[in-house]
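Here is the structure we will look at.
What follows draws every value from the coordinates through simple rules; no lab data is involved. None of these values were measured; they are calculated from a predicted model. Cβ coordinates were reconstructed from backbone atoms using ideal geometry, including for glycine residues, and neighbour counts include every protein chain displayed.
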Amino acid sequence: MKVLSVASEIYPLVKTGGLADVAGALPLALAREGFTVRSLIPGYPSVMEKIGNAQTLHREADLFGAEARVLRTEVAGLDLLVVDAPHLYGQGGNPYVDAAGRDWPDNWRRFAALGRIAGAIGQGLLPDFRPDIVHAHDWQAGLAPAYIRAAGNTRVRTVQTIHNLAFQGLFHPAIFGALGLPGAMMAMEGVEFYGQVGFLKAGLHFADAITTVSPTYAAEIMTHEGGMGLDGLLQARASVLTGICNGIDTQVWDPGADPHLPAPYDAARIAAKAASKTALRAAFALEQNTAGPLFGIVSRLTGQKGIDLIAEVIPELAASGAQLAVLGTGDRNLEVAFTQAAAAFPGTVGVRIGYDEALAHLIQGGSDALLVPSRFEPCGLTQLAALRYGTLPVVSRVGGLADTVIDANEAALAADAATGFQFAPVTTDALRHTLERVLRAWQDPDVWLRLQHSAMRSDVSWERPARQYAALYHGLVQG
Ligand code: ADP
Ligand code: GLC
């Protein structure tokens, strides 16, 4: 079976968040299940620089204003189709926003082009690759199912995956005419969303199947509180909506062979994790010989991630003898709050504002616990890496965090099943209460070690999710 995966970012070529990790790892996992997968991505400068001799498979005379090419190449085991269109993707920088954080003004055209080429490939544009499934990720690929539906009579089946309902790709209705979709599609039973053109709405309306990245998030987005205006549509399509938890690439995230750690470790050699803690403390100028746990954060610093709750409890954390190492970038006010906390608690709180893969690995390796207090979290990947690194996740009980971490309550502890700590609701009081539980567990090295072992036994690989996607694809193709 042939699958075209369509995404606006893909690890290791271009990444702003977990979408890239998934778009980069799922095709490899599906290939291991016997699927032929190609990934369609935009040819941003950062992508064009990294692809070697690509083959030109197709020339499109006019893709939203100028000529474009579809290139094929292989990078890191990924079979890539790249839309080379400098008039759309040539400007460099972040794929979505300018240096001031404003959306690129032509985003509608840039990602309509991605959807249009995906749709055309679904219709047989490339003679050597006629996909059975076109799998669209997030709003940037959301028009692909609409273009395929517009073409009418077709055997290709479509899947729309929601990685984050907060980003919907909403644009002024005046752009509709330029999309080249039938006029009747500018309707509630189509791409229209409260008077605007909604790219994600289009995918959710037209795709044969909808997935999101955890079962709990699938349930949450059908509620008024979690649906971000799309709950009605999602309820109407509940029979084709499923939640499949993400995995992580267990070769990229492997404490036994991680080039960013000073010494490898695994469940049998967990004492060697101490070398990473020493290195992490050094990297963040934290005191070396304190007795408390070291908490880590690797996150976008935004409201979604609930990082402001941490900022509020820093004085108590510091008083308890714990330490904190924060890596992140995002909202200016949060960057400032953490930078000030680091200045107020030198040796106890360390902060690095920025994006740094190597440091992300060192935080996973060197921390004792990872804080993920999200207000909502479709899946979350950092808690999965933490489990694998024996770094106990402390998470809010929402979305994929609820599905992937087993709270250290009495029953789970007794059954040796607990892998971390959950708190609910997402308030500073609930967080405080749970941090007290974490500190109590830390006081008992046997309990902590058992938690680490259970965490490291968690299956965070892509194997099971890939089988779930495989079953979904087979079901769609068999009708
Ligand atoms: P989201 O996609 O909502 O940001 P996820 O947990 O799904 O959240 O994925 C985040 C990914 O980005 C993880 O691979 C994480 O390690 C990485 N990441 C986030 N912030 C940083 C950062 N500042 N530096 C390096 N990696 C980061
Ligand atoms: C989004 C979500 C995150 C998820 C990631 C990959 O960025 O915010 O929870 O893990 O997509 O699916």
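For a quick protection proxy, order the peptides 16-24, 324-332, 460-468, 385-393 by their average other-Cβ count within 10 Å, most packed first. Provide the component values of the computation, followed by the final result.
Details: 16-24: 22.6, 324-332: 20.7, 460-468: 18.2, 385-393: 27.2.
Highest to lowest by the protection proxy: 385-393, 16-24, 324-332, 460-468.
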Check: Per residue of the chain, what 222 nm ellipticity follows from adding -39500 (n - 2.57) for every DSSP H run with n ≥ 4, rounded to the nearest 500?
Finding: -11000 deg cm²/dmol
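Across all directions of projection, what mean area in square nanometres is found for the Cα convex hull of region 126-186? It would help to have the intermediate numbers written out before the result.
On the way: hull surface 20.4 nm².
The Cα convex hull of region 126-186, projected and averaged over all directions, gives 5.1 nm².
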Note to self: Whole-Hz ³J(HN,Hα) for each residue in region 31-40, computed from phi via Karplus 6.51 cos²θ - 1.76 cosθ + 1.60 with θ = phi - 60°, x for glycine and proline: what do you get?
What the structure shows: 4, 5, 8, x, 8, 9, 10, 10, 10, 9
Notebook entry, point to check: When the Kirkwood hydrodynamic radius is evaluated over all pairs of different C-alpha atoms of the chain, what value in angstrom, to one decimal, is obtained?
Noted result: 23.2
Notebook entry, point to check: Tell me, what HN-Hα J-couplings in whole Hz come from the Karplus equation 6.51 cos²θ - 1.76 cosθ + 1.60 at θ = phi - 60° for each residue of region 391-398, using x for Gly and Pro?
Noted result: 10, 5, x, 10, 10, 6, 8, 9
Notebook entry, point to check: Hey, got a sec? Which GluC sites (Glu not before Pro) in region 214-321 land in a DSSP loop and have at most 12 other Cβ atoms within 10 Å?
Noted result: 225, 287
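Quick one: of 15/201; 50/277; 2/273; 50/273, which pairs are farther than 32 Å apart, Cα to Cα? Working shown, then result.
Working: 15/201 24 Å; 50/277 34 Å; 2/273 42 Å; 50/273 34 Å.
Result: 50/277; 2/273; 50/273 exceed 32 Å.
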Check: From the phi of every residue in region 49-55, what ³J(HN,Hα) in whole Hz does the Karplus formula 6.51 cos²θ - 1.76 cosθ + 1.60 yield, where θ is phi - 60° and glycine or proline is x?
Finding: 5, 8, 8, x, 7, 8, 9
Checklist line | Helix 463-478 vs. the chain, principal-axis angle (Cα, 0 to 90°, nearest 10) | finding: 20
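Taking 0.36 nm per residue of sequence separation and subtracting the Cα-Cα distance, how much length would be gained by fully extending the chain between residue 468 and residue 282, in nm to one decimal?
Details: separation 186, 0.36 × 186 = 66.96 nm, distance 4.23 nm.
Between residue 468 and residue 282, full extension yields an extra 62.7 nm.
Rounded to the nearest 0.05, what FRET efficiency do residue 412 and residue 55 give with R0 = 30 Å and r taken as the Cβ-Cβ distance? Could you check?
On the way: r = 53 Å, r/R0 = 1.76.
My answer for the efficiency is 0.05.
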Notebook entry, point to check: Roughly speaking, what is the stretch gain from residue 2 to residue 459, that is 0.36 nm per residue apart minus the C-alpha to C-alpha distance, in nm to one decimal?
Noted result: 161.8 nm
Next item on the list: Mind listing the long-range amide H neighbours of residue 323? Cut-off is under 5 Å, sequence gap 5 or more, other chains count too, H placed in the peptide plane at 1.01 Å from N.
Entry: 294, 295
Check: Taking only the alpha carbons of region 267-457, what extent do you get along each of the three principal axes, in Å, biggest first?
Finding: 43, 34, 30
Notebook entry, point to check: Over what distance in Å are the Cα centres of region 86-113 and region 380-454 separated?
Noted result: 39
Margin query: Using the Cα centre of the chain as origin and beta-carbon charges of +1 (Lys, Arg) and -1 (Asp, Glu), tell me which of 469, 310, 415 is placed farthest towards the positive end of the dipole.
Written below: 469
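What is the packing order of peptides 376-383, 264-271, taking the mean over residues of other C-beta atoms within 10 Å and listing the highest first? Intermediate results must be reported in sequence, preceding the final value.
Details: 376-383: 27.1, 264-271: 14.4.
The packing order, highest mean first, is 376-383, 264-271.
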Item checked: Label point 7 Å beyond Cα of residue 69 along Cβ direction - residues of region 1-42 with amide nitrogen under 20 Å -> 39-42
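With a 10 Å radius around each residue's Cβ, average the other Cβ atoms per peptide and rank 250-259, 195-204, highest first.
Values: 250-259: 16.0, 195-204: 24.4.
Descending mean neighbour count gives 195-204, 250-259.
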Item checked: Linear extension gain, residue 94 paired with residue 426, 0.36 nm per residue minus alpha-carbon span -> 116.5 nm
Check: DSSP beta bridges in the chain, what fraction antiparallel, as a percent rounded to 5?
Finding: 25
